[in-house]
Amino acid sequence: MGTGKGFAIGSAVLTSLALLAAFKTAASITTIDVSKSTVLAAALFGAMLPYIFAALTMMAVGRSAADMIGEVRRQFKEYNLLGTDPNRKIGTPDCDTCIAISTKASLQEMVIPGFLAIVAPLFIGYLLNGESLGGMLVGGITSGCMLAIYMANAGGAWDNAKKWIEAGGLMKAYNKEKHEGGKGSDWHKAAVTGDTVGDPFKDTSGPALNILIKLMTMIALVFGSTFPNANSPVIGSSDGQTCGGDGTYCYWWVGTIIGVLFLVFAFSFWIWQRAQGFGKIDFDQKDTIGARETGDIQLTDQRKVEDDARLDDIQPSGV
């Protein structure tokens, strides 16, 4: 794990702890008793959130990559970028479209994770009470910190393993030939597969967890004074009746409405994304590009086409 990522994680945790202390003051909370069933349940819920958030961001990277692959395949085919059709001029790549895909994906794919970070504290705070929300924040900060460290380390290890093999480290360490332990070998292919997961691990989901824990505590602080406690007034009461006890379930219906609205919105947005076809690609489809007089060839046969063309150039006529 790099120094920068470690510093960012430590900074996020310390910032979240400071915001948590401020939240306790705003919500008039003196202690967070995890022996209470509601607080413990909220702490477990908070510990679960970083894993859901990380899963959403990892899947977002996969969908964005699939959309980019589809666009690159289209440009290979339409613009003759690989030069496999000698009857057509090699075109210019359309970089603007690729940038637009990345920008659109970065905005679209963060809608649900972003709303999750905002809605989760409101849901627990109103469904249960302020003390339970404190337990949720403790669980989220603790779990998020550990998961962020793990993702930064694991992602960096996958990335460095691929670079080590490409630099010839495996060939030197085990005295192997290039085809056995160098670039293009089975070891290298496995490392590339690992790095496909490692890059979003260390560069997307890991750093995003820092934002998650800070955003949840910030939302809790902003709305801290509105969460129910013993002295909170009962909504709709005309005689000044208070919630009493520790305020648990006093505003349960507010939390329920927030939770239901989020689920409806998230599911509807997910359905809309799938209907738009974003991130859908048939990896088994044999995309083809124009070839020489042999008709169409597959993109994966490009090296074979180049080798055949080279042989045609050096082969004497009449043979």
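The values are calculated or read from the model by the stated rules, or taken from the named source; none is laboratory data. Since this is a predicted model, take the numbers as computed values, not measurements. Every residue, glycine as well, gets a Cβ built from its backbone with ideal geometry; the counts of neighbours run over all protein chains shown. For accessibility, only protein heavy atoms count, side chains too; no ligands or nucleic acids. Shrake-Rupley method; radii C 1.70, N 1.55, O 1.52, S 1.80 Å.
Less than 15 Å from a label point 7 Å out along the Cα-to-Cβ axis of Phe265: which backbone N atoms in region 111-130 qualify, by residue?
111-124
Find out how many positive minus negative residues lie around Ala148, taking Lys and Arg as positive, Asp and Glu as negative, among other residues whose Cβ is under 14 Å from that of Ala148. Don't skip to the answer; put the middle values down first.
Numbers: positive: Lys5, Lys202, Lys214; negative: Asp203.
Local net charge: +2.
Can you give the net charge of the other residues whose Cβ lies under 9 Å from the Cβ of Lys36, counting K and R as +1 and D and E as -1? Before the final figure, lay out the partial values.
Working: positive: none; negative: Asp33, Glu131, Asp246.
Around Lys36, the charge tally is -3.
Using +1 at the C-beta of Lys and Arg and -1 at the C-beta of Asp and Glu, which of Phe201, Phe267, Ala220 has the Cα lying farthest in the positive direction of the dipole of region 146-295?
Of Phe201, Phe267, Ala220, it is Phe201.
Want the number for Ala41 to Thr196: 0.36 nm per residue separation, take away the alpha-carbon distance, what's left? Mind dumping the intermediate values first?
Values: separation 155, 0.36 × 155 = 55.80 nm, distance 3.53 nm.
Stretched fully, the Ala41-Thr196 segment lengthens by 52.3 nm.
Can you give the charge dipole size of the chain about its Cα centre, rounded to the nearest 20 debye, using +1 on the beta carbon of Lys and Arg and -1 on the beta carbon of Asp and Glu? Before the final figure, lay out the partial values.
On the way: 26 positive and 30 negative charges, 108 e Å.
Dipole about the Cα centre, nearest 20: 520 debye.
Pairing rule first: another cysteine's C-beta must sit under 4.7 Å. Under that rule, which cysteines of the chain stay single?
Cys95, Cys98, Cys145
Subtract the Cα-Cα distance of Ile118 and Ile69 from 0.36 nm times their separation in residues, and report this length gain in nm to one decimal. List each step's numbers first, then the result.
Details: separation 49, 0.36 × 49 = 17.64 nm, distance 3.23 nm.
That pair, Ile118 and Ile69, stretches by 14.4 nm at full extension.
Hey, could you get me the Stokes-Einstein D for region 1-152, Kirkwood radius over alpha-carbon pairs, 20 °C and 1.002 mPa s, rounded to whole µm² s⁻¹? Walk me through the intermediate numbers first.
Values: Rh = 18.6 Å.
Using the Kirkwood radius from Cα pairs, D works out to 115 µm²/s.
How would Thr248, Thr3, Thr103 line up by accessible area, probe 1.4 Å, largest first?
Output order, biggest surface exposure first: Thr3, Thr103, Thr248.
Students often forget the sequence filter, so: which lysines lie under 18 Å Cα-Cα from Lys89 once same-chain residues fewer than 8 apart are removed?
Lys77
Roughly speaking, to the nearest percent, how much of region 1-130's 1.4 Å accessible area is carbon and sulfur? Could the numbers behind the result be given before it?
Numbers: 4560 of 6560 Å².
C and S fraction of accessible area: 70 percent.
Fully extended, how many nm does the chain gain between Ile257 and Lys280 (0.36 nm per residue separation, minus their Cα-Cα distance)? Could you put the intermediate results ahead of the total?
Details: separation 23, 0.36 × 23 = 8.28 nm, distance 3.27 nm.
Extra length available between Ile257 and Lys280 comes to 5.0 nm.
Using a 1.4 Å probe on the protein heavy atoms only, what accessible surface does Met110 show? Give it in Å² to the nearest 10.
Rounded to the nearest 10, that gives 80 Å².
Using a cut-off of 15 Å between beta-carbons, work out the net charge of the residues near Gly168 (Lys and Arg +1, Asp and Glu -1, Gly168 not included).
Numbers: positive: Lys162, Lys163, Lys172, Lys176, Lys178, Lys183; negative: Glu166, Glu177, Glu180.
Once all neighbours under 15 Å are counted, the net charge is +3.
Provide Rg and Dmax in Å for the chain, with only Cα atoms included in the calculation.
Both quantities, over Cα of the chain: 27.3, 106 Å.
When the helices in the chain are scored as -39500 (n - 2.57) per DSSP H run of 4 or longer and the sum is shared across all residues, what 222 nm value do you end up with, to the nearest 500 deg cm²/dmol? Walk me through the numbers before you get to the answer.
Details: 11 runs with 215 residues, N = 319.
Counting only the DSSP helices, I get -23000 deg cm²/dmol.
Here are some pairs, Lys162/Lys189; Lys162/Lys183; Lys163/Lys183; Lys104/Lys280; Lys36/Lys214; Lys5/Lys202; which of them have Cα atoms lying more than 18 Å apart in this structure?
Values: Lys162/Lys189 9 Å; Lys162/Lys183 9 Å; Lys163/Lys183 10 Å; Lys104/Lys280 15 Å; Lys36/Lys214 25 Å; Lys5/Lys202 9 Å.
The answer is Lys36/Lys214.
Got a number for the accessible area of Lys178? Probe 1.4 Å, square angstrom, nearest 10.
Its accessible surface works out to 130 Å², give or take rounding.
Can you give me the relative contact order of the chain as a percent, contacts being Cα pairs under 8 Å and 6 or more apart? List each step's numbers first, then the result.
Details: 424 pairs, mean separation 90.8, N = 319.
Relative contact order, the chain: 28 percent.
Keeping every protein chain in place, order His188, His179 by accessible area at 1.4 Å, biggest value first, i.e. largest first. List each step's numbers first, then the result.
Working: His188 20, His179 140 Å².
Order by accessible area, largest first: His179, His188.
Nearest 20 debye, what's the magnitude of the dipole of region 16-135 about its Cα centre given +1 on Lys and Arg Cβ and -1 on Asp and Glu Cβ? Don't skip to the answer; put the middle values down first.
Values: 9 positive and 9 negative charges, 30 e Å.
It comes to approximately 140 debye.
Let me cross-check Leu82: its accessible surface, 1.4 Å probe, with only protein heavy atoms counted, in Å² to the nearest 10?
60
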